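Here the structure comes first, spelled out in structure tokens, and everything after it is commentary.
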Amino acid sequence: MASVDLELGRPLSAAAAAYPPPLRRSINDDDVDDDGKPKRTGTEWTASAHIVTAVVGSGVLSLAWSTAQLGWVAGPATLVVFAVITYYTSVLLADCYRAGGDQVSGKRNYTYMDAVESYLGGRQVWFCGLCQYVNLVGTAIGYTITASISAAAVYKSNCFHKNGHSADCSVFTTSYMVVFGVVQVFFSQLQSLHEVAWLSVLAAVMSFSYSAIAVGLSLAQTISGPTGMTTMSGTVIGIDVDLSHKIWQALQALGNIAFAYSYSLVLIEIQDTIRSPPAESKTMRKANALAMPVITAFYTLCGCLGYAAFGNAAPGNMLTGFGFYDPYWLVGLANACIVVHLVGAYQVMSQPVFTAVESWASSRWPRCGFFVTGGGGTRLISVNAFRLAWRTAYVVACTAVAAVVPFFNDVLGLLGAVGFWPLTVYFPVEMYIRRRKLERSSKRWVALQSLNAVCFVVTLASAVASVQGIAESMAHYVPFKSKL
């Protein structure tokens, strides 16, 4: 028997009937999508804006250093190659939003793991979850390192301005990590990021602000007079580095670039905001085609202008390595923007981890008040014993690891390597092969698996190089006494 709107006396669609009575009065077939959720309104323009916002972030700060390791030929070429691979695999992943191969009426996959479960299932879901959550936790650690370095750089730029560029303005970054951790303990008690959309909007504005400042300062430095030598092959063996460091740092640079481009984790979620018809996959293709050239052009500017400004001695972080001293207030503003951006970005990366653990705990012990009973709070902040203990412990653990391993480029390279192959290449390729039922040894199958294999080798080499860099840095580092 069809459900009936008691006020209007007309049948309800199954989608509208799924809503509780108070909401039914305002919901008809035109107000909901085929899954019963409110009508999605996203377009290729909004989706491309989400992509640019998700991608442009702290990864841009290492691109000058990465270009310096690779040189004028391999540096820009690598930026373009990673962009092409990311675009292509993103198109493959977008086709997996709907299950069953039907791009119009198939069951929706709301998250990356939903898509993997629909097409691959079994152990692949566990592998996907492992890659995702390792990447999310690692990114939170990386953001803690970056935020503390930038906060210390604000102090340092003011110190140089007052005392001269030759003054000893070195400062320990550990105390800034602790302050950042305390701030995150508070924000981690937020019920959901949906309740504080302003935080994400503010973070997006900040990321574009400091990225634009970095490009502007690099351009000004290039025009006024570069401070270092550039070459076609990057850092020179025997002058800037020895042979082994040339190889290791070039591989680390690949990981840094991969980290800068990664957004596969949130692609399905972005696609879930798009209206239909037309099919969401078609709109997402247009969004990728709009966003990727913008991102690539911006990254090429950051990498090439930064390299032109500083040469082979380009700092690992172009805003905190103090290639720039003046105008000191602009350098300080850029670093303050980084800190504000990472406060919001940290929560974006951590909330999925919080939700996963809390959902598991509440289902595992459904009758235990420690896990499921709220102890008070407001609409934004919900105080729960387990939530308070678990989220605080998570932030403390991430802060402690960051304090032990505070190496910006090495950590970014490792994060890029860990996330690039499995999440950007492997799963999209495997799901596409399964969806299209490609025969083994067919031309397309061989081409896709070749791409898979090459990216795996690059990822593995970059990961090994980043671990080697961390190990080498640890040999000369006293824990909790990192200086900028």
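The values are calculated or read from the model by the stated rules, or taken from the named source; none is laboratory data. Remember, predicted model here, so these are calculated numbers, not experimental data. Here the Cβ is made from the backbone with ideal geometry for all residues, glycine too, and neighbour counts use every protein chain on show. SASA here: full protein model, heavy atoms, side chains in, ligands and nucleic acids out. Shrake-Rupley method; radii C 1.70, N 1.55, O 1.52, S 1.80 Å.
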Checked pairs for the stretch 453-473, first open to solvent by 40 Å² or more (accessible area, probe 1.4 Å), second at pLDDT 85 or above, C-beta under 7 Å and 6 or more apart or across chains, list as Phe456/Trp421; Val458/Leu254; Gln468/Trp248
Kindly check whether there is at least one residue in the stretch 427-446 that is closer than 26 Å to Gln249 by Cβ, of a type in the set (Phe, Trp, Tyr) and within 20 Å of the chain's Cα centre (by Cα).
-> no
Among the residues of the stretch 319-336, count how many are at pLDDT 80 or above and either of a type in the set (Gly, Ala, Ser) or open to solvent by less than 10 Å² (accessible area, probe 1.4 Å) (or both).
-> 5
Scan the stretch 81-120 for residues that are open to solvent by less than 30 Å² (accessible area, probe 1.4 Å), modelled with pLDDT of 85 or more and farther than 23 Å from Leu290 by Cα and report the count.
-> 4
Could you grab me the full set of residues in the stretch 232-261 that are open to solvent by 30 Å² or more (accessible area, probe 1.4 Å), not charged (D, E, K, R) and not in a helix (DSSP H, G or I)?
-> Met232, Ser233, Val236, Ile237, Gly238, Ile239
Among the residues of the stretch 203-231, how many are of a type in the set (Ser, Thr, Tyr) and surrounded by fewer than 17 Cβ atoms within 10 Å (Cβ to Cβ)?
-> 3
Near pairs, Cβ below 9 angstrom, 6+ apart or cross-chain, from the stretch 388-403 (within 17 Å of Val357 (Cβ to Cβ)) to any residue that is open to solvent by 50 Å² or more (accessible area, probe 1.4 Å) = Leu388/Gly375; Ala389/Phe370; Val395/Val182
From Thr67, Thr146, Thr78, Thr43, which residue is under 30 Å from Gly228 (Cβ atoms), more than 20 Å from the chain's Cα centre (by Cα) and either buried (at least 16 other Cβ atoms within 10 Å of the Cβ) or at pLDDT 80 or above (or both)?
-> Thr67
Quick one: Arg440 ticks every box in (1) open to solvent by 50 Å² or more (accessible area, probe 1.4 Å); (2) in a helix (DSSP H, G or I); (3) at pLDDT 85 or above bar one, so which box is it?
-> (2)
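For (1) among the aromatic types (Phe, Trp, Tyr); (2) open to solvent by less than 20 Å² (accessible area, probe 1.4 Å); (3) touching a Ser or Thr at 6+ places or on another chain (Cβ under 9 Å), each residue gets a yes or a no:
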| position | (1), (2), (3) |
| --- | --- |
| Thr283 | no, yes, yes |
| Phe310 | yes, yes, yes |
| Asn317 | no, yes, yes |
| Ala345 | no, yes, yes |
| Trp365 | yes, no, no |
